[in-house]
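The values are calculated or read from the model by the stated rules, or taken from the named source; none is laboratory data. Computed from a predicted model, the values in this text were never measured in an experiment. Using ideal geometry, Cβ is built from the backbone for each residue, glycine included, and neighbour counts are taken over all protein chains shown. Accessible surface is based on the protein model in full, side chains and every heavy atom, while ligands, DNA and RNA are left aside. Shrake-Rupley method; radii C 1.70, N 1.55, O 1.52, S 1.80 Å.
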Amino acid sequence: MALATRPSINDRTIADFGSMLRGSVIRPADPGYDTARTLFNAMIDRRPALIAHCMSVADVIAAVRFAGDHGLRIAVRGGGHNVAGTSLCDGGLVIDLSAMRAVRVDPACRTARAEGGATWRDFDHATQTFGLATTGGTISTTGIAGLTLGGGQGYLMRKHGLACDNLISADVVLADGSFVAASEKEHSDLFWALRGGGGNFGVVTAFEYRLHPVGPAMGGMVIHPVERAAEAFRFYREFQRDAPDALVILPTLLTAPDGAKVAALIAGYTGPVEDGEAALAPLRRFGPPVADTIQPMPYTAVQRMLDDAFPPGHHHYWKSGYMRELSDGAIETMVAQFLNAPSPLSAALLEPVGGAVARVAPDATAYAHRNGQPSALIVARWADPAEAEREIAWARAYWAAMQPYVEQAAYPNYLEAGAEGAERVRAAYGGNYARLTCVKAAYDPTNFFRGNQNIPPAS
């Protein structure tokens, strides 16, 4: 362990650190250590020297100061859902916010304040009590922190913008252990950077969001045989152009439980149900599909539609980029490459980043990609660790074949931390990158927060 090489960090020092916390310090020999370092992506197997299980802002401040005083590398864990594994590090200190999950709703002002360890299931449970919601992912076990800081796609994005577009303020512990509240009025440059710039600027211990009325919704999917996948995706391309902002469709290639490869148009409609029935009718008639599961359901059920399909414990390797355009060639390439998928758990999908997302100026937030082009995501997923080489090779081959159709830019939350090079991170932020490096220099000049899709400080 790295701590053994640091004479200033002995058992007494660690005990003193633990006495400063309402939570606890977990070490490799402690019961529960392996559970505490387990993430959504089972491919990530790192062994931190210490895990600070924080219960309060004071705990987070103490952890940041301890790491800084002793030269420890850190990682910050919220929901632990990031596939790149940025919430875990080898030999350093993990600042674990997973116990900080409180959500307080102000229904009169239509706002909610949530702690940094909350998941979208926690958040939706609290806000839907009052018939309110904000944009928050497509899998409810995702943490609010990572999703929001990277932009925040979800079923409400075309109607109400990204999660980061609905952020009102954030409480942040900075690299020197100081605490600030960032908003349009205070630390506005930091607030701008937090809305898409990831975990580069501090530990966000609480988020305040704008909420919107969201009542009963519609969700489900229509399924077509893979032989008609290209036809289904071309239909989606035309249908999506005039679709209402309340409707988000995720065209997906996957393997059905019976082993058949299929095309699924996964739909989430978050307007009035009677309007949804009319909006979805052409989608449900096309084909016709071999299966149709679309039905009225609570918004919380829409948010959980994909949970069972993406349980924790599988191995994941993702590749992603924004499409230049969804051309016939792109569609045919997607289908042809998916047919080679060796694992029945793997999938490929498109996420339509348009509507309200595209009506925000590219430089209004750190998240920059607002031209309405869909995000393409390749999900290699498997259960047996021995299959890793084969599955990763498939994803890379698929990604190589897609290069004529995708841009260099990618959704920040889908980047591989450190594995895709500085140029890919730069491309993710486009014209906003230079400003981000200046904000980084102001708030984290030593690059203390670097175990992420890293933005180095301007020199």
For the condition among the charged types (D, E, K, R) and closer than 30 Å to GLY68 by Cα, what is the one hit in ASP90, ASP122, ASP106, ASP165? ASP90
Extreme residue, farthest from ARG210 (Cα to Cα), among residues of region 134-166 that are of a type in the set (Ser, Thr, Tyr) and open to solvent by 10 Å² or more (accessible area, probe 1.4 Å): THR141
Determine whether region 401-410 contains at least one residue that is at pLDDT 95 or above, open to solvent by less than 50 Å² (accessible area, probe 1.4 Å) and not aliphatic (A, V, I, L, M). no
What are the residue pairs meeting all of these: first residue in region 69-98, first residue without any contact (Cβ under 8 Å) to a residue 60 or more places away in the chain, second residue among the hydroxyl-bearing types (Ser, Thr, Tyr), Cβ atoms under 8 Å, and 6 or more apart or on different chains? ARG77/SER87; ARG77/SER98; VAL94/SER87
Can you tell me which residues in region 315-336 are in a helix (DSSP H, G or I) and open to solvent by 40 Å² or more (accessible area, probe 1.4 Å)? ASP328, GLU332, ALA336
When you go through (1) modelled with pLDDT of 95 or more; (2) exposed (fewer than 14 other Cβ atoms within 10 Å of the Cβ); (3) farther than 20 Å from GLY431 by Cβ one by one for PRO312, which number turns out not to apply? (1)
Select from region 360-406 the residues that are of a type in the set (S, T, N, Q), in contact (Cβ under 8 Å) with a residue 60 or more places away in the chain and in a loop (DSSP other than H, G, I, E, B) and list them in ascending order. THR365
(1) buried (at least 18 other Cβ atoms within 10 Å of the Cβ); (2) in a loop (DSSP other than H, G, I, E, B); (3) at pLDDT 95 or above; (4) not hydrophobic (A, V, I, L, M, F, W, C): which one isn't true of ASN447, the others all being true? (1)
Residue hits (region 214-243; within 30 Å of ARG110 (Cβ to Cβ), in contact (Cβ under 8 Å) with a residue 60 or more places away in the chain and open to solvent by 40 Å² or more (accessible area, probe 1.4 Å)) are PRO216
For THR35, only one of the following conditions fails: (1) open to solvent by less than 20 Å² (accessible area, probe 1.4 Å); (2) within 30 Å of GLY136 (Cα to Cα); (3) modelled with pLDDT of 95 or more. What is its number? (1)
Go through (1) open to solvent by 60 Å² or more (accessible area, probe 1.4 Å); (2) more than 19 Å from the chain's Cα centre (by Cα) for ARG426 and report which single condition fails. (2)
